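Below is one structure; the comments refer to it alone.
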Amino acid sequence: MTEIDRPTAGAPSRTAPLLAVDDVSVAFGGVRAVDHLSFDVAPGSIVGLIGPNGAGKSTALKVIGGEVKPTSGRVRFDGADLVGAAPYEAARRGLVRTFQLGGEFARLTVMENLLVAVPGQKGETLLGALAGRRWWRASQDAEVRKARDILGGLQLRDKEDAYAGDLSGGQRKLVEIARALMARPKMLLLDEPMAGVNRSLARRIEETLARLRSDGIALLLVEHELGSVERLCERVVVMANGSKIAEGDMTEVRSRDDVLSAYLGRRK
Amino acid sequence: MSYYFTVMAMYILIGIIAAWGLNLQFGETGVLNFAYVLFVAAGAYTTAVLTLGHPSASGTQQYFWGAHLPFPIPWIVSMAVGAVLGVAVGLVSLRRLRGDYQAMVMLVVSLIATYLVSANVGFLNGETGLALIPQPFGNLHLSELNYRWFFVAVTAVVTLLVFEVMRRITGSPLGRVLRAVRENEAAAVALGTNVVKMRLLTMAVGGAVAALSGAIEVQFIGAWAPAGWTYPETFGLFAAVLVGGRGNLGGVALGAFLVQGLFLEGTVLLPSIGNPDLVGAVQWITMGVMIMLFMWFRPRGVLPERRRRFTTEARTRLPLLLVRAQRDARG
Ligand SMILES: Nc1ncnc2c1ncn2[C@@H]1O[C@H](COP(=O)(O)OP(=O)(O)OP(=O)(O)O)[C@@H](O)[C@H]1O
Ligand SMILES: [Mg+2]
């Protein structure tokens, strides 16, 4: 078994949270997808967000990532309000979301997928582009090398010229994580990064996530594979029907009856 | 015959320029600009009023304002007008709506514009359109045919310039971001891309290029009327992009060549069909069928978008040839 350092459970850290979700609700027509949800994520920590299908986990991530505006409530990241900001602001402040499904740029190569994420590249403005290759080539080369390092770490180095749309589901998940890392994140919002991925690939993803933590990147991890959640996360938030029904470390949460019934009663 | 070749060359070059502008918007960025021909028209009318001179000096033609400016000022101003109009139409249709609704709004904008220009005679001479538009380079004292070939040459140079601009944009990090917007808007936003800004940028640049094609055309043929820029013209350019290969500049040029060829050479069908009204219909039907066949059997066009590979070492052609020569000598 690989060494994944398992943080000791305990009270949430006393430092100011990196992410603060404060009383967020989202209604889609009559459906309350998220219902008065609040929790914090400390800098450099990994928090799990679990719950049965339809609990509202993906919707919560979309609100935090700025794609969906909440009906009410606030989201603060690194001291800034995200609800009032443009949807692309979250990423620019270092908060990057991956997708449960279909997050790839299918007709871009793996390398291009990664390069798109680099913030403020030379040659990304009209004038920079018109200035020609010589203007942006060196900085792009540096990013290409960095992207190759990241792909190498995920054993995807030989896929750099493949179209992302031609990869397997698991490989696409890896590409999304690699791409998110190119965005220089302070925190990642990961929506089921191990779903539909075979065991060895899931293992690789788990190791990667553990490594990110030691690099100081905070993670909010939505995942149905509870073994991984238990190994990675110091704290989990449990959702059902849009609300938070429990919060604590995994052993603590596991022993609670309401969590068990939410899972057993609703699992397909 | 030569006379005919100049017309042919001009239409093909103008078509290529226009198709490249649309390719930037639709082929690269995925914006379904069904109002594209509006920008061609904006360039044509702008150049017309900037060369015709004051309305009172222009006989019975009515238009709201006019000046008599030398080449290349009218073309440059036309491009600026196309860019500004592109941003304006973009702000109306792209900011809040989903892709399919955006396309609908564009189409409606195009129809309204044709209607307004046709109905307001005092604005740009209504349905009749503007005629007797002066040609550039009048002080060169060339023979009629030489003049026409000179115009073709200037247009060819402009085409090369537009190619270079398009090549730089699509080959740059900016082009990559535009294609990312095309492929997956939500993912692009999640990575920090201001998608609206990117779309407005292509509306501006594509609008300027469209206007340039209109500016050149209007000075070559000397007239411009609403019948020449109805919405089916937009679909002719979409056909060029789809058939040639969206996202591939060479492919799009080939597509424009084929589509323009169909429309120019379509008249040779006349004897077999008999009824001249039918020729236009047959041309449009042929084009529609062509689009459908390509969508079914070759959706990426004759020359599909290239796969972009990355090398980090600065390679020059010469050492590469040497390496090949060595390898060949050995092998
Ligand atoms: N765009 C939408 N419009 C309407 N209802 C939606 C929308 N998105 C989500 N919902 C509803 O909101 C609820 C929560 O969905 P969500 O996708 O957040 O759940 P989830 O916890 O991520 O589930 P899963 O584990 O299956 O991914 C569900 O009832 C879903 O049907
Ligand atoms: Mg989900």
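No value in this document is a laboratory result; all are computed from the given coordinates. Small disclaimer: the values here were computed from a predicted structure and weren't measured. Quick reminder, even Gly has a Cβ in these numbers, built from the backbone with ideal geometry, and neighbours come from all protein chains shown.
In whole Å, what three semi-axes, largest first, describe the equivalent ellipsoid of the protein assembly as shown built from its Cα gyration tensor (square root of 5 times each eigenvalue)? All intermediate terms of the calculation are to be shown ahead of the outcome.
Working: eigenvalues 595, 155, 89 Å².
So the three semi-axes of the protein assembly as shown are 55, 28, 21 Å.
Using Cβ counts within 10 Å as a stand-in for footprinting exposure, how do A:Lys69, A:Lys62, A:Lys186, A:Lys57 rank, fewest first?
Working: A:Lys69 12, A:Lys62 24, A:Lys186 17, A:Lys57 27.
Ordered by Cβ neighbours within 10 Å, fewest first: A:Lys69, A:Lys186, A:Lys62, A:Lys57.
Arrange the following residues from fewest to most other Cβ atoms within 10 Å of their Cβ: B:Thr312, A:Thr251, B:Thr202, B:Thr193. It would help to have the intermediate numbers written out before the result.
Details: B:Thr312 14, A:Thr251 9, B:Thr202 28, B:Thr193 24.
By the 10 Å Cβ count, ascending: A:Thr251, B:Thr312, B:Thr193, B:Thr202.
Just to be sure I understand the model, the point goes 7 Å from the Cα along the line to the Cβ. What's the resulting B:Phe123 to A:Asp22 distance in nm?
Taking the simple label geometry, B:Phe123 and A:Asp22 are separated by 5.1 nm.
So what's the angle, to the nearest 10 degrees on a 0 to 90 scale, between helix A:169-182 and the longest Cα principal axis of chain A?
Compared with the principal axis, the helix lies near 70 degrees.
For the residues A:Ser243, B:Ser213, A:Ser168, what sequence is obtained by ranking on other C-beta atoms within 10 Å, fewest first? If you can, show how the numbers build up before the last one.
Numbers: A:Ser243 16, B:Ser213 30, A:Ser168 12.
Exposure proxy ranking, most exposed first: A:Ser168, A:Ser243, B:Ser213.
So if we plug the beta-carbon distance of A:Leu101 and B:Glu265 into 1/(1 + (r/R0)^6) with R0 = 60 Å, what FRET efficiency do we get, rounded to 0.05?
Working: r = 48 Å, r/R0 = 0.80.
It comes out at approximately 0.80.
How large is log10 of I(q)/I(0) for region B:56-136 at q = 0.25 Å⁻¹ when the intensity is taken from the Debye formula with one equal scatterer per alpha-carbon?
Evaluating at q = 0.25 Å⁻¹ gives log10 I(q)/I(0) of -1.20.
If I model chain B as equal point scatterers sitting on the Cα atoms and use the Debye formula, what is log10 I(q)/I(0) at q = 0.07, 0.09, 0.13 Å⁻¹?
Treating every Cα as an identical point scatterer, log10 I(q)/I(0) equals -0.32, -0.52, -1.01.
From the P(r) of region B:27-100, can you give the percent of Cα pairs sitting at distances over 19 Å? All intermediate terms of the calculation are to be shown ahead of the outcome.
Details: 1265 of 2701 pairs.
It works out to 47 percent of all Cα pairs.
Could you tally the net charge around B:Ala18, taking each other residue with its Cβ under 14 Å from the Cβ of B:Ala18, Lys/Arg +1 and Asp/Glu -1?
On the way: positive: none; negative: B:Glu217, B:Glu233.
In short, -2.
For the Cα atoms of chain B, what angle does the longest principal axis make with the long axis of helix B:2-22, in degrees from 0 to 90, nearest 10?
60
Here are some pairs, A:Lys69/A:Lys122; A:Lys122/A:Lys159; A:Lys57/B:Lys197; A:Lys244/B:Lys197; which of them have Cα atoms lying more than 28 Å apart in this structure?
Working: A:Lys69/A:Lys122 31 Å; A:Lys122/A:Lys159 25 Å; A:Lys57/B:Lys197 30 Å; A:Lys244/B:Lys197 37 Å.
Check vs 28 Å cut-off fails for A:Lys69/A:Lys122; A:Lys57/B:Lys197; A:Lys244/B:Lys197.
How much length is gained if the chain between B:Leu278 and B:Arg306 is pulled fully straight, taking 0.36 nm per residue apart and subtracting their Cα-Cα distance, in nm to one decimal? Don't skip to the end; give the middle numbers.
Numbers: separation 28, 0.36 × 28 = 10.08 nm, distance 3.89 nm.
Gain in length upon complete extension: 6.2 nm.
Could you work out the pair-distance distribution P(r) of chain A from its alpha-carbon pairs, with 5 angstrom bin width and percents rounded to whole numbers?
Spelled out per bin, shortest first, that is 1, 6, 12, 16, 19, 17, 13, 8, 5, 2, 1, 0, 0.
Cα convex hull of region A:127-268: how many Å³ per residue?
Numbers: hull volume 22.3 nm³, N = 142.
Per residue, the Cα convex hull of region A:127-268 comes to 157 Å³.
Between the helical axis of A:199-214 and the dominant principal axis of chain A, each derived from Cα atoms, what acute angle in degrees is found, rounded to the nearest 10?
90
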